[in-house]
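The values are calculated or read from the model by the stated rules, or taken from the named source; none is laboratory data. Just so it is clear, the structure is predicted and the values come from calculations on it, not from any experiment. Using ideal geometry, Cβ is built from the backbone for each residue, glycine included, and neighbour counts are taken over all protein chains shown.
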Amino acid sequence: MTHLSTLKLITSAVIFIIAIAAAWIPFRQRTKTSHMDFPIGEALASGVFLGAGLIHMLGDASQDFFSAGLDYPFPYVIAGAVFLGLLWLEHLGREVYEHQGAESPSFAILALIMLSLHSFFAGAALGLAHSAPVMTVIFIAIIAHKWAAGFALAIQLNKSCLTQSQRVRGFMIFALMTPLGIFFGDLVSHYTTQLPLAMPIFSSIAAGTFIYLGTLHGLSRAVMVEKCCNLKHYSFVILGFVLMAIVAIWT
């Protein structure tokens, strides 16, 4: 096992533990808190996600497609389609919430699906990373997002009328998605010779996911929507983006 593969295995375990820890209070107390705020962490993660998607993933994917003799901007089309798909899912979730309420099992399941997709592709991005500095920054951003998403999802599942076993199974699926994404991304990165387009395709998908997480995820509560006029929080968005730009110098 290579040094990077070992690091990916460790990060998978840490992320899984953090997700489970985030759900402990909601599942134990079935709290009615709507969400937990960590504005500076969310702002920093948004900047990192945006920088990772635009600077690293789209840049690498574009270069790989060009090296394969494809001049069409496939990475940007794929990333844009993923971005729009995630936005549609979030709008669909709001529609279900407005018509059926927070106790609706449909809303809880839709939230589970959307957050699981985010988690899987975020994990895939970490798994596709080919340098420790990029991995480290993405790992920090995933943790900042994962614990908050896990807490919010656990609350939403416990608000719904799903059975206890259904709520637990649903959350376990979410908790496992990022480690599965990391494993999948690492697997793809080892087969780039046999499948030269696999890595740029999944990098483009991850880029679309990261750009969405960095901009519109959460819609009305999104950092880029609600907190862009708060200079303290917005400075952490810029810091996260700058960090990814600096890391690009060595990768």
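Points to keep in mind about this one:
- When restricted to residues that are in a helix (DSSP H, G or I) and more than 25 Å from ALA124 (Cβ to Cβ), the range 222-235 contains 7.
- Pair list, Cβ under 9 Å, 6 or more apart: the range 110-128 residue closer than 14 Å to MET172 by Cα and in contact (Cβ under 8 Å) with a residue 60 or more places away in the chain, other residue in a helix (DSSP H, G or I) and among the basic types (Lys, Arg): SER119/LYS146
- VAL188 in contact with a helix residue (DSSP H, G or I) (Cβ under 8 Å, 6 or more places away or on another chain), crowded, with 17+ Cβ neighbours inside 10 Å, β-branched (Val, Ile, Thr) and over 29 Å from LEU92 (Cα atoms): yes
- Any chance TRP88 is assigned to a helix (DSSP H, G or I) and either surrounded by fewer than 18 Cβ atoms within 10 Å (Cβ to Cβ) or touching a strand residue (DSSP E or B) at 6+ places or on another chain (Cβ under 7 Å) (or both): yes
- Residue in the range 82-99 that is small (Gly, Ala, Ser), farther than 17 Å from ILE205 by Cα and at pLDDT below 85 present: yes
- In the set (1) surrounded by fewer than 23 Cβ atoms within 10 Å (Cβ to Cβ); (2) under 22 Å from THR11 (Cβ atoms), the condition left unmet by LEU197 is number (2).
- Members of the range 196-221 found to be farther than 14 Å from LEU128 by Cβ and either among the hydrophobic types (A, V, I, L, M, F, W, C) or assigned to a helix (DSSP H, G or I) (or both), listed by number: ILE211, TYR212, LEU213, GLY214, THR215, LEU216, LEU219, SER220, ARG221
- Tallying residues that are more than 16 Å from TYR212 (Cα to Cα), touching a helix residue (DSSP H, G or I) at 6+ places or on another chain (Cβ under 8 Å) and in a helix (DSSP H, G or I) within the range 127-151 yields 14.
- Residue selected from the range 42-76 under the condition hydrophobic (A, V, I, L, M, F, W, C) and either free of Cβ contacts under 8 Å to residues at least 60 places away in the same chain or not in a helix (DSSP H, G or I) (or both), by the criterion farthest from LEU216 (Cα to Cα): ALA68
- Pairs with Cβ under 6 Å, 6+ apart, first in the range 192-216 and at negative phi, second hydroxyl-bearing (Ser, Thr, Tyr) and crowded, with 19+ Cβ neighbours inside 10 Å: GLY214/SER46
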